[in-house]
Amino acid sequence: MGIINGKTICQVALVVKDIETVSKKYAKLFGVEVPDIFTVPPQEESHTKYRGVPTNTRAKLAVFDLGQIVLELTQPDEHPSSWKEQLDEKGVGVHHIAFMTEDRTPIVEYFEESEMPIRHYGEYPGGNYTVFDSAKDLGVLIQVKEEKKRED
């Protein structure tokens, strides 16, 4: 078995300059309502780090449910972030593909040992996400999402 189970793909994320306009275009393309646009929680809640340093990014996001995966649109703000770096250096386009995991520890170890360190990290209610600096080796940034198991 691999480090990441490819069948757990859950997200394709794009960086955009104008999330309102792009969200409307995707909604029309998919024949769905425009999703709510929300903002990354403040650093005190999200513990967001970019290249190991806390950042106050409050990027805007919109998410389209496409079945097994979601399409996430992200409009970075002026604060340092992986999203802002992507937009500044490469323009709009694919930022990462994401996979679910129950334990990110061996994945983090694998990427760091493979000289693909953590580029961006953050938390959200119920889980966290880690983006690895993997584009040079894998053609795209890889993200893993680790969600806490709910005890019903």
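The values are calculated or read from the model by the stated rules, or taken from the named source; none is laboratory data. Small disclaimer: the values here were computed from a predicted structure and weren't measured. A quick note on method: Cβ atoms are made from the backbone with ideal geometry, for glycine too, and the neighbour counts reach across all protein chains shown.
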Ala59 being of a type in the set (Gly, Ala, Ser) and in contact with a helix residue (DSSP H, G or I) (Cβ under 6 Å, 6 or more places away or on another chain): yes
Residue count, the stretch 26-46 (criterion: of a type outside the set (Val, Ile, Thr), loosely packed, with under 14 Cβ neighbours inside 10 Å and more than 14 Å from Thr74 (Cα to Cα)): 8
Quick check: is even one residue across the stretch 9-22 closer than 19 Å to Ser134 by Cβ and among the basic types (Lys, Arg)? no
Is there any pair with a first residue in the stretch 120-134 that is on the phi > 0 side of the Ramachandran plot and a second that is surrounded by 23 or more Cβ atoms within 10 Å (Cβ to Cβ) and not hydrophobic (A, V, I, L, M, F, W, C) whose Cβ atoms are under 9 Å apart and which are 6 or more apart or on different chains, and what are they? none
Output for the stretch 20-47, where each listed residue is closer than 24 Å to Met100 by Cβ and among the hydrophobic types (A, V, I, L, M, F, W, C): Phe30, Val32, Ile37, Phe38, Val40
Sole residue being surrounded by 15 or more Cβ atoms within 10 Å (Cβ to Cβ), touching a residue at least 40 places away in the same chain (Cβ under 8 Å) and over 24 Å from Asp137 (Cβ atoms), chosen from Leu14, Leu73: Leu73
Which residue pairs have Cβ atoms under 7 Å apart, sit 6 or more places apart or on different chains, and have a first residue in the stretch 79-97 that is in contact (Cβ under 8 Å) with a residue 60 or more places away in the chain and over 15 Å from Ala59 (Cα atoms) and a second that is part of a loop (DSSP other than H, G, I, E, B) and among the hydrophobic types (A, V, I, L, M, F, W, C)? Val94/Val140; His96/Val140; Ile97/Val140
Among residues of the stretch 125-150 being charged (D, E, K, R) and in contact with a strand residue (DSSP E or B) (Cβ under 9 Å, 6 or more places away or on another chain), the residue surrounded by the fewest Cβ atoms within 10 Å (Cβ to Cβ) is Lys148
From the set of residues in the stretch 47-61 that are part of a strand (DSSP E or B) and among the hydrophobic types (A, V, I, L, M, F, W, C), which is surrounded by the fewest Cβ atoms within 10 Å (Cβ to Cβ)? Val53
Could you list all residues from the stretch 28-47 that are modelled with pLDDT of 95 or more, under 20 Å from the mean Cα position of the chain (by Cα) and hydrophobic (A, V, I, L, M, F, W, C)? Val34, Ile37, Phe38
